[in-house]
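First up is the structure itself, then whatever we jot down about it.
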Amino acid sequence: MASPQEIDNLQKSFQRAATLSGSPGAVSTSPTQSFMNTLPRRISVSKQTKALKPFSTGDIKILLLENVNQTAIEIFNEQGYQVEVLKGSLPEDELIEKIKDIHAIGIRSKTKLTEKVLRHAKNLVVIGCFCIGTNQVDLDYAAKIGTAVFNSPFSNSRSVAELIMAEIVSLARQLGDRSIELHTGTWNKVSAKCWEVRGKTLGIIGYGHIGSQLSVLAEAFGMHVLYYDIVTIMALGTAKQVSTLDELLNKSDFVTCHVPETAETKNLLSAPQFAAMKDGSYVLNASRGTVIDIPALIQAIKANKIAGAALDVYPNEPGKNGAGSFNDDLNSWTSELVSLPNIILTPHIGGSTEEAQSAIGIEVAAALSKYINEGNSVGSVNFPEVSLRSLDLDQENTVRVLYIHHNVPGVLKTVNNILSNHNIEKQFSDSNGDIAYLMADISSVNQSDIKEIYDQLNETEYKISIRLLY
Ligand SMILES: NC(=O)c1ccc[n+]([C@@H]2O[C@H](COP(=O)([O-])OP(=O)(O)OC[C@H]3O[C@@H](n4cnc5c(N)ncnc54)[C@H](O)[C@@H]3O)[C@@H](O)[C@H]2O)c1
């Protein structure tokens, strides 16, 4: 049964829909038409697809915090959403106030969307993390209240690949050391042990988004590329996949890591792996700080086995910018590492470019718009990933049902009983832990049917949330 609160909300939404000016359909006062106004508006994503109806509170309200990129603001404005943009994050009490009646929120890393905050979100359909990480959001609780979370894991792949390419050349030419020397007044023009990268072999561990971009750049520099990955991946250009890590280590002049942080990749390169590498080879890591055993790397450099290293990530990293924070208290080996020659150290900036920020804005805003307008959850980090192809413009009287529910036996039977008076054109359902998500397009539905379907679905026992798009 719908709770008294839900019935009250629905009645209030009828009243609001009838009195809102500027809201499509708000002129009608019939209960059915008013109910239609409570549904999300179809907003065309492309000319071929249908648009959605607005929520009862007017257009979809989205709050963007922490200077989310302009590209995202433009996309949301184009969708016709009510967009509020704030430069900074918000203290918890203000966030709690704001989150009460918005449908979507866009954040970066500083805004903490904890269970305490999310408990106050009554209409929140979706959260966009305009960054890579999502640990600032309580993902499980968000899923429990039927809120999908999206991020942008791959928009900065090119930026990382370019940094690594630059570092390969820099290590080969000892650029970091020459630059530090000259900054301190020392002229040291040397060519011994400085190399061109043309004709050398680059070994890429992890041939995913970043590794494969790098492969193309390295070949353009005239390098041979080998890669090792736990899955078989088609090579780009003339790169070659090798079947063991050892083979890659034995044959490469430069070894670079582009793997995720997993139990298997912890200390992936340690003393035995450095021993297996060519004498005078180089090591690079812009993946995760746990992937390289740094004390073992220090020993390999001291033994002249490894001729240099470029590191962008560390087991422990300072929480904020500032002088003096990269020290032995953070990682016990820091002072030993910084005293070695030909070591390029960067503060986790692999993906930090203007282009990446702009691409993140587009990627996350597009994912949020697609979820709001069509229910497509592909790419969500906390939610079952479900997608249905868009409705055609000529598909009259077709309603898309988005039904988020607890993952327990028998729910689909109940739901399909409710939908069975209509033609179910297509449906798709998936689960992720305790949460399941059903998308269904049903045709031959008239306006009064919609209210009935909504009421019946609303009364189902394991419902978390429902949206009907028409
Ligand atoms: N420095 C930065 O600023 C920055 C920016 C973006 C991403 N990253 C990090 O870079 C890494 C790679 O990112 P991506 O976008 O290319 O990831 P991805 O998921 O596209 O690719 C990772 C690849 O590693 C492979 N892999 C997984 N485990 C492996 C193992 N044990 N041995 C060999 N291969 C293995 C996977 O099969 C996959 O092909 C991630 O750790 C990511 O967090 C860092």
Response to the item:
Residue-ordered couplings for the stretch 366-376, obtained by feeding phi - 60° into the Karplus form 6.51 cos²θ - 1.76 cosθ + 1.60 and rounding to whole Hz (Gly and Pro as x), are 5, 5, 5, 4, 5, 6, 5, 7, 10, x, 6
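How big is the dipole moment of the stretch 157-345 about its Cα centre under a simple scheme where the beta carbon of each Lys and Arg is +1, that of each Asp and Glu is -1, and everything else is neutral? Debye, nearest 20, please.
With only Lys, Arg, Asp and Glu charged at Cβ, the dipole is about 480 debye.
Pairs 98/370; 189/302; 61/122; 61/116; 122/451; 110/320: which exceed 18 Å Cα-Cα? Write out the running numbers ahead of the final one.
Values: 98/370 23 Å; 189/302 23 Å; 61/122 13 Å; 61/116 21 Å; 122/451 21 Å; 110/320 11 Å.
In this structure, 98/370; 189/302; 61/116; 122/451 lie more than 18 Å apart at Cα.
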Worksheet, complete the sentence: Burial-style ranking of 443-451, 259-267, average other-beta-carbon count within 10 Å with highest first, yields 443-451, 259-267
Response to the item:
Expressed in nanometres to one decimal, the distance between label points 7 Å along Cα→Cβ at residue 166 and residue 448 is 6.8 nm
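First measure r as the distance between the Cβ atoms of residue 230 and residue 465, then evaluate 1/(1 + (r/R0)^6) with R0 = 25 Å and state the FRET efficiency to the nearest 0.05. Present the calculation step by step, with values, prior to reporting the outcome.
On the way: r = 37 Å, r/R0 = 1.50.
The computed FRET efficiency comes out at 0.10.
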Worksheet entry | lysines with Cα under 22 Å of residue 305, excluding same-chain neighbours fewer than 8 positions away | 193, 200, 251, 266, 278
Worksheet, complete the sentence: Taking a straight Cα-to-Cα line shorter than 20 Å from residue 413, and setting aside same-chain aspartates and glutamates fewer than 8 residues away, one finds 425, 430, 434, 441, 449, 452, 455, 459, 461
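Please work out the ratio of the alpha-carbon Rg of the stretch 157-345 to 2.2 N^0.38 Å and round it to two decimals. Before the final figure, lay out the partial values.
Values: Rg = 16.1 Å, N = 189, 2.2 N^0.38 = 16.1 Å.
Against the compact-globule rule of thumb, the ratio is 1.00.
Among the GluC sites (Glu not before Pro) in the stretch 102-196, which ones are in a DSSP loop with at most 13 other Cβ atoms within 10 Å of the Cβ? Mind listing them?
Details: sites: 115, 162, 167, 181, 196; in loops: 196.
In loop regions of the stretch 102-196 (DSSP not H, G, I, E or B), the sparsely surrounded GluC sites (Glu not before Pro) are 196.
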Worksheet item: Using a simple spin-label model with points 7 Å from Cα along the Cα→Cβ vector, what separation in nm is obtained for residue 395 and residue 250?
Response: 5.6 nm
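Filter the GluC sites (Glu not before Pro) in the stretch 324-401 to those in DSSP coil with at most 13 other Cβ atoms within 10 Å of their Cβ, and list the result. Could you put the intermediate results ahead of the total?
Details: sites: 336, 354, 355, 363, 374, 385, 396; in loops: 385, 396.
Hits after loop and neighbour filter: 396.
Ranked from highest to lowest mean number of other Cβ atoms within 10 Å per residue, what is the order of the peptides 152-161, 117-126, 224-233?
Values: 152-161: 21.8, 117-126: 19.2, 224-233: 17.5.
Listed from highest to lowest mean packing, they are 152-161, 117-126, 224-233.
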Practice prompt. Please work out how much length the chain gains when fully extended from residue 424 to residue 336, using 0.36 nm per residue of separation minus the C-alpha to C-alpha distance, in nm with one decimal.
Written response: 25.0 nm
Fill in: Per-residue HN-Hα couplings for the stretch 213-225 [Karplus 6.51, -1.76, 1.60; θ = phi - 60°; Hz; x = Gly/Pro]
4, 4, 4, 5, 4, 5, 5, 5, 8, x, 8, 8, 10
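Count the net charge of all other residues whose Cβ sits under 14 Å from the Cβ of residue 107, scoring Lys and Arg as +1 and Asp and Glu as -1. Before the final figure, lay out the partial values.
Numbers: positive: 87, 98, 108, 110, 112; negative: 66, 84, 92, 94, 138.
Result for the local shell: 0.
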Response to the item:
Expected unfolding gain across residue 387-residue 345 under the 0.36 nm per residue rule, minus the alpha-carbon gap, is 10.9 nm
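Laboratory data are not the source of any read-out in this text; all were calculated from the coordinates shown. As the structure is a computational prediction, the values presented were derived from the model and not from experiment. With ideal geometry, Cβ positions are generated from the backbone for all residues, glycine too; neighbour counts draw on all protein chains shown.
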